[in-house]
Amino acid sequence: MDDLKRALRLALYGATFLLVGCATVRPEDRAILADPVMQYHLDARAHAALDHVHENREGSFGGGSVKGGGCGCN
Amino acid sequence: MTRSSRLQSSRAVLSWVSAGLAVLLLGLPQLASAQIAEVDLRSGVFHEPSAQSHMTVLTPSATITAAPASAVSVTGSYQADIVSGASESVKAGPQLSSFPDIVSAASVTDFRHVASGAVDIQRRHTKLGLQYAYGTELDYKSQSFVVSAGTDFLQRNTEMEISYAKGFDKVCNMAHADGAPPMYRARLDSSVGCFTEADDRSEDDIDMDTFQGVWTQSWTPILTTQLIASASLLHGFLGNPYRGVVVGPSGIAAQEHHPTDRSRLALSMKTKLYIRSLKTATTLSFRGYRDSWEILSHTVGLDMDRHLSSWLRLNAHARYYAQTGAHFWSDDYTGGEPLNGPRGQYWSGDRELSPLKTYSGGTRFVAEWRGRSGGRLLGMFLNFSTSLSADLVKTDLENFTWAGTKPDDTLAGVASFSLTTLF
């Protein structure tokens with residue numbers, strides 16, 4: 001029963017999260033969002049180069065950009 | 001890699017770069033009239049100021065993107081990794097600290113070439129991408145395909161993107177006798193003979209499949225979030241063929257022996273907030289990771305971007321990372337279990353599989369100039385930007401030693417420089 005309640009609570013949180021996502025920022029309010037500093041892919045090549053350094057010194061991978069190839073030892 | 005082969009590789013690369021620049025320069029007038037090309041030239045340098053490794057990696061790259069039609073862009077790029085330094089070829093633990101020179105260092109010099117091409121198609125609310133990359137070096141060849149698709153909706157407040165990458169690589173290895181137990185497999189001593197018909201060399205496959213989904217959401221005029229989920233499957237030779245690990249108290253070493261399968265899961269959450277009082281965009285990110293080798297990790301990052309003037313931008317960033325060790329990792333495979341002994345049938349000398357923490361931070365300056373009202377700078381460029389960055393990376397290895405001695409190559413500096421022009 002507790003598991004069911006927990007699952008329902010999680011589903012409720014998830015649905016709330018998704019519904020809040022339907023709230024929109026109107027086009028006339030997007031001036032700051034349009035600034036390059038608010039873009040996630042800003043300086044993407046520089047980020048990728050630094051990610052490459054980290055990936056070669058750490059044991060984890062992923063959660064950034066999709067990549068293939070490279071050294072299979074990491 | 002021999003000096004003559006390095007020189008030959010360098011000459012080949014110089015020839016290709018020269019030919020590419022010549023084509024580019026000859027094509028400039030046409031490109032300028034069409035206003036359709038971006039050229040990005042950059043180089044990075046990585047250096048460990050360590051007496052032991054003295055590792056230095058140069059990564060020059062050139063990328064050209066052209067838009068032959070309004071919805072289509074085509075990208076071609078070349079990158080090189082020029083590596084020189086030294087790394088430990090045989091790993092031992094503290095139980096063998098009395099053995100002189102049990103941990104040996106071998107010089108490492110290599111020249112990796114990566115060429116890639118991509119096509120992106122973008123309509124009003126959808127985009128499709130296809131990318132292929134080929135990498136080659138003396139002892140490793142890689143190929144990868146990436147396909148991606150994305151769309152935005154709810155007045156561009158919601159963006160979703162999915163992608164899949166397939167990698168199929170080949171790594172050079174010793175030609176071990178059929179059925180030879182891992183304990184009796186010798187490490188690869190050099191890249192001489194790799195990818196030839198040499199009797200003492202073989203090729204091992206590595207397959208990689210990576211799936212990823214990205215959800216980007218604008219919540220308010222100053223707040224956005226991004227959720228990234230990725231999963232990858234690896235199969236094949238997943239160790240370092242050059243590395244040996246001491247597995248017996250007498251000092252006997254065998255080639256590193258890792259499982260042939262690995263699955264990975266990562267979930268990232270990023271929040272970007274514009275702080276009006278500071279006129280700064282701040283990004284806080286968190287990533288959780290787990291894989292089938294029982295490595296658990298988390299990463300926390302902070303990025304701050306600020307316009308210092310109409311043409312100059314500053315980025316400052318910091319990152320903290322911590323991971324547990326792989327379930328089969330041990331600093332010493334010669335003693336008793338479980339503290340200083342084998343943990344199952346595998347052994348590794350890879351510090352990346354040991355418990356560790358990483359601290360890093362740096363800054364990047366980006367200067368960008370645009371022609372006024374669609375005009376051109378110097379009669380040629382629609383846009384010209386340059387960047388300069390510097391980072392420090394410090395790794396804290398909790399258990400990893402060279403026969404009981406803490407490694408001294410745990411600090412690294414990374415610097416990069418770029419020039420990007422739009423014609």
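In nm², what is the average projected area of the convex hull enclosing the Cα atoms of segment B:235-356?
With the hull built on Cα positions only, its mean projection is 10.6 nm².
When you look at the Cβ of every residue in A:28-36, what mean number of other chain Cβ atoms sits within 10 Å?
The per-residue average across the peptide is 4.
Under 5 Å between amide hydrogens, which residues at least 5 positions from residue B:89 or on another chain qualify, with H placed 1.01 Å from N in the peptide plane?
B:104, B:105, B:106
Among B:414-420, B:197-203, what's the highest-first ranking by average C-beta atoms within 10 angstrom per residue?
Put in order of decreasing packing, that is B:414-420, B:197-203.
Out of residues 5 or more away from residue B:201 or on other chains, whose amide H comes under 5 Å of its own, with H placed 1.01 Å from N in the peptide plane?
Here the answer is B:175, since their amide H atoms fall under 5 Å of that of residue B:201.
Taking Cα atoms, how many degrees apart are the long axis of helix B:3-34 and the longest axis of chain B, rounded to 10 and kept between 0 and 90?
Orientation of helix B:3-34: about 10 degrees from the principal axis.
Where in segment B:156-170 is the amide nitrogen less than 20 Å from a point lying 7 Å along the Cα-to-Cβ axis of residue B:215?
Under cut-off, by backbone N: B:156-164.
Please compute, for peptide B:135-148, the average count of beta-carbon atoms on other protein chains lying within 10 Å of each residue's beta-carbon.
Per residue, the number of nearby Cβ atoms from other chains is 2 on average.
On average, how many beta carbons from a partner chain sit within 10 Å of the beta carbon of a residue in B:213-226?
Across the residues of B:213-226, the mean count of other-chain Cβ atoms within 10 Å is 4.
Tell me, what ³J(HN,Hα) does each residue in segment B:318-323 have, in order and in whole Hz, if you take phi through Karplus 6.51 cos²θ - 1.76 cosθ + 1.60 with θ = phi - 60° and put x for Gly and Pro?
So the Karplus estimates, Gly and Pro as x, are 9, 8, 10, 9, 9, 9 Hz.
Kindly write out, for segment A:30-47 in residue order, the coupling ³J(HN,Hα) from the Karplus curve 6.51 cos²θ - 1.76 cosθ + 1.60 (θ = phi - 60°), rounded to whole Hz, with x marking Gly and Pro.
Using θ = phi - 60°, the values come out as 9, 4, 6, 4, 7, 5, x, 5, 9, 8, 6, 8, 4, 6, 4, 5, 5, 4 Hz.
How far apart, in nanometres, would the label points at residue B:320 and residue B:200 be if each is projected 7 angstrom from Cα along the Cα-to-Cβ direction?
With each label point 7 Å from Cα toward Cβ, the separation is 5.0 nm.
Just grab the label-to-label distance for residue A:24 and residue B:271, each label 7 Å out from Cα along the Cβ direction, in nm (one decimal).
2.6 nm
At a 10 Å Cβ-Cβ cut-off, how would you order B:270, A:5, fewest neighbours first?
Placing the least packed residue first, the sequence is A:5, B:270.
Can you list the residues, at least 5 places off or on another chain, whose amide H is less than 5 Å from the amide H of residue B:331, using H built in the peptide plane?
none
Strictly over 32 Å apart at the Cα level, which of B:166/B:406; B:91/B:357; B:141/B:272; B:270/B:357; B:141/B:270 would you flag in this model?
B:166/B:406; B:141/B:272; B:141/B:270
For segment B:131-157, list residues with backbone N below 20 Å from a point placed 7 Å from the Cα of residue B:166 toward its Cβ?
Within reach of a label on residue B:166: B:131-136, B:141-150.
Order of B:51-60, A:24-33, B:204-213 by packing, highest average Cβ count within 10 Å first?
B:204-213, B:51-60, A:24-33
Using the Karplus curve 6.51 cos²θ - 1.76 cosθ + 1.60 with θ = phi - 60°, work out ³J(HN,Hα) for each residue of segment B:389-396 in order, rounded to whole Hz, and write x for Gly and Pro.
Going residue by residue, I get 9, 8, 9, 10, 10, 10, 10, 10 Hz, with x marking Gly and Pro.
Here, each number is a calculation from the coordinates, and none is a lab measurement. If you're wondering where the values come from, they're calculated on a predicted model, not measured in any experiment. Cβ sites come from the backbone with ideal geometry, for glycine too, and all protein chains shown count toward neighbours.
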